[in-house]
Each structure stands twice: as C-alpha cells, then as structure tokens.
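The values are calculated or read from the model by the stated rules, or taken from the named source; none is laboratory data. Keep in mind it's a predicted model, so treat the numbers as computed, not measured. Glycine also receives a Cβ, built like all others from the backbone with ideal geometry; neighbour counts cover every protein chain displayed. Accessible surface areas use protein heavy atoms only, side chains included; no ligands, DNA or RNA. Shrake-Rupley method; radii C 1.70, N 1.55, O 1.52, S 1.80 Å.
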There are 2 protein chains.
Amino acid sequence: MGRLLRANGIGTTVLDNDSDRVDILRRLGLKVFYGDATRHDLLEAAGAGNARLIVLALDNHERNLELVHTVKKHFPNLTILARAIDRPDAYALMDAGVRHVYRETFDSSLRLGVEALRLLGRRAYQADRAARTFRRHDDEALDELRAVREDREAYLGVARRRIADLERTLLADLTETKETEAGWDAETLRAEILSRPAPPSDPEPTES
Amino acid sequence: MGRLLRANGIGTTVLDNDSDRVDILRRLGLKVFYGDATRHDLLEAAGAGNARLIVLALDNHERNLELVHTVKKHFPNLTILARAIDRPDAYALMDAGVRHVYRETFDSSLRLGVEALRLLGRRAYQADRAARTFRRHDDEALDELRAVREDREAYLGVARRRIADLERTLLADLTETKETEAGWDAETLRAEILSRPAPPSDPEPTES
C-alpha cells in the first residue's frame, strides 16, 4: 500500500514497531518511524498534524481501536482508513465512527473467486462484473448485518435474504448478457451454468 | 468466495473443521462437509474426484502444503488455487508446484491504496489503472524474488530495482494521461502530485 502510494508520488510515512520490518522498509527507501503508532507524540513527530489521511493496519484489534480514538481526539481532521481483521473487527471499527473500513482478506477472496470463474470457462468481463456486483451487495449488507449482529437468528435471516438477492441479481445479469448476445432463454442458460462452463464455441462478445 | 461461485451457478462444496462455521454455512444453504480437509477419504466423499478445481485456504501453513501434496497425489487432474498467508507462504506453495497462488491480504491492501488515491483527489480510472499496473508488476516480481529469497542482500537489491521500475512506469502513465488531457509538462506535474492532489477545476476526462 505504501509502495503504491509512493510510486504515485504521494508522500507516505510509515509507523511500525517491528524492528526487522522497519529495517527492510527503510532500505527499500520508505520513510519509516520505529515505535508504537498509538502514541500521540510519535504520530505528531511523524507528521500526522499536516497529513491528509491515515491508514490504520495494526495486527491487534484493541490497539487498532485505541488508535482510532487517539486520532479522532488529537487529529480530528485526518481521514481514517482502517484495515479490519475480520467481520467483527469491521463492525467495531464502524461503531467507532470509521467510515472507510476494509476487511483484510475480502478482496483477495473475491479475486480468487474471479479466477475460479475464469478457470471454469466464464469470460473475464463477466467474472469481473460478477465480482463488482458481489462487492457492492456485500458492502451494503455489512451495515444491515451490523445492526442485527447480537441476534444470531436475525443475523442469519438477513444473511440468507441478502444471498438470495445477490443470486437473483447475478443470474439476471448473466441472463441479460447472454440473451442479448445469443438469444438463449433463461431456463436453458441456468441449466447450462449449473452443469458445465460455457462452451468455447460461443460467439465472442464485445468487452463492455 | 463460495458465495460468489454459488451465486454464479457453480456447484460448490466446502470442507471445514470449525464446527461453528460449518453450522453457519449450512444454514446459509451451502453444501458443507465437517472434518479435516487434508484427509484423502473426506476429499473423495466431498466429490474431489469429479470436481474441476479446488481452493485451498487452511489457516495453517504446514497443513496447506500437506493438502497440496494429497491433492497432487490422489486427484492429479484437479486445478489447485491456493490462498497464501504471506510472502514466505506464497513462495513455499509455488515451490510445491501450485500455479495459482493468492496472498490473502494483497488485494485488500491494494484496494485500500486505490481508495486512498481517490480520497487524495486522484480520479477513479487513474487509481484503478495504477492498481492494475502495480499488481502486474508485483506478480512478475514475486517469481524473481522467490529465486533470490535466501540471500537478503540480493533480495533487497531486486526489490529496490523492482520498486524503481514500478515508479517509473506509474509516473510515465500519469504523465502521458495528463499531457494528453491538459498539456501539462512532466516536471510541473510531478511537483504537483507531491505537494497536493489535482485541483477539482480540471476538465473531466472521458473514462476509458
């Protein structure tokens, strides 16, 4: 992440309390402070007072939340982006008022799914579109699920309904694309998908 | 991942030895086997003999590698996709002959970077393009770094060169886009990016 930003010409400072990692990052040319990122004075020294945004990615759930509070108190103008370890962690960060939360394994999981779809014969643009739809649905669901997470039955109910919605949307997407392309009907297509990947003899659709 | 595949009409079976998770996944309508996924007989019962591909995502590095060997021995026709915990894990999986390896936090990290670029004023299509370039470079670098990973100095040397290459590519991309759009020169642009995000008064480019 720091490498992507720096490579894009954005001044980036890293705070890390793993001395070996600090050594490596410094030798790769990044500006790195060694120490506990939850310390207000260290954040100040690292330039948090003049920064536009801060990315929180501590390995420990409680420390990450502590850092949210420190930043909100001492640097209220900093936009916070936070990496969440899992769903419960994401909910806690959202409860603490963080608007930009990223579950750390979510996108790789999604990419793995996209690659699986492609290996099973789905076309690249279809797989990508399915992933975008999935992510949008999942982001929306996250807020709704957060509200009912203390009640397991209600939680599962919402999750089930969300999954059904998503399946309808994705199959509708697929059907619509295919019908436009080749005039197949929805029933034939559904069986087609469930039983095997699209045959290679299909006319190649235009990327859109 | 399972949800994305199922929502796309792909028959998906999960093997998991976390009984609570098995319960939840089943109640969400997924086909789930409870037990140790490294067991050959359980893989067989779950249908590995007729499947097209298998996704390995165990939490434990050694178990994941063990599963690679079991699959390669008993189900040689199955395409393996494997989630790696980190770089060393990715290298070990590649050494074991797995061609499709996905570092579990890589894509979320990249998306976090894309969002940061957008919040700093970069346009969506530029941020997305930078991420694609970054990923392609990083995938290529992974193989090269794997070859020299036992030698720390050589490793850092390759990493530094790769980062410099990437920075050149990304800045060239950016310059090219910008020059076409507004006729700015490269020097002005570089200072611009380092000091502040692009002003909102820019002419809006056409998404391409």
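Give the number of residues within region A:85-103 that are under 25 Å from B:His100 (Cα atoms) and at pLDDT 90 or above.
2
I want to confirm something. Restricting to region A:54-106 and keeping residues that are of a type in the set (S, T, N, Q) and surrounded by 20 or more Cβ atoms within 10 Å (Cβ to Cβ), which single residue is nearest to B:Thr105 (Cα to Cα)?
Here the residue is A:Thr105.
Tell me, yes or no, whether region B:152-166 has at least one residue that is part of a helix (DSSP H, G or I), modelled with pLDDT of 90 or more, of a type in the set (Asp, Glu) and open to solvent by 80 Å² or more (accessible area, probe 1.4 Å).
Checked against the condition, which is being part of a helix (DSSP H, G or I), modelled with pLDDT of 90 or more, of a type in the set (Asp, Glu) and open to solvent by 80 Å² or more (accessible area, probe 1.4 Å), region B:152-166 yields at least one hit.
Identify, by number, the condition in (1) facing chain A (nearest Cβ under 10 Å); (2) open to solvent by less than 50 Å² (accessible area, probe 1.4 Å); (3) within 30 Å of A:Asn77 (Cβ to Cβ) that B:Leu119 doesn't meet.
Only one criterion is unmet by B:Leu119, namely (2).
Would you mention how many residues in region B:79-104 are within 14 Å of chain A (Cβ to nearest Cβ) and over 21 Å from B:Tyr34 (Cα atoms)?
Looking only at that region, the number is 16.
Is it true that some residue in region A:148-161 is closer than 30 Å to B:Arg136 by Cα, in contact (Cβ under 8 Å) with a residue 12 or more places away in the chain and within 9 Å of chain B (Cβ to nearest Cβ)?
No, region A:148-161 has no match at all.
Looking only at region A:1-32, count every residue that is of a type in the set (D, E, K, R) and either crowded, with 18+ Cβ neighbours inside 10 Å or at the interface with another protein chain (Cβ under 7 Å from one of its Cβ atoms) (or both) and tell me the total.
4
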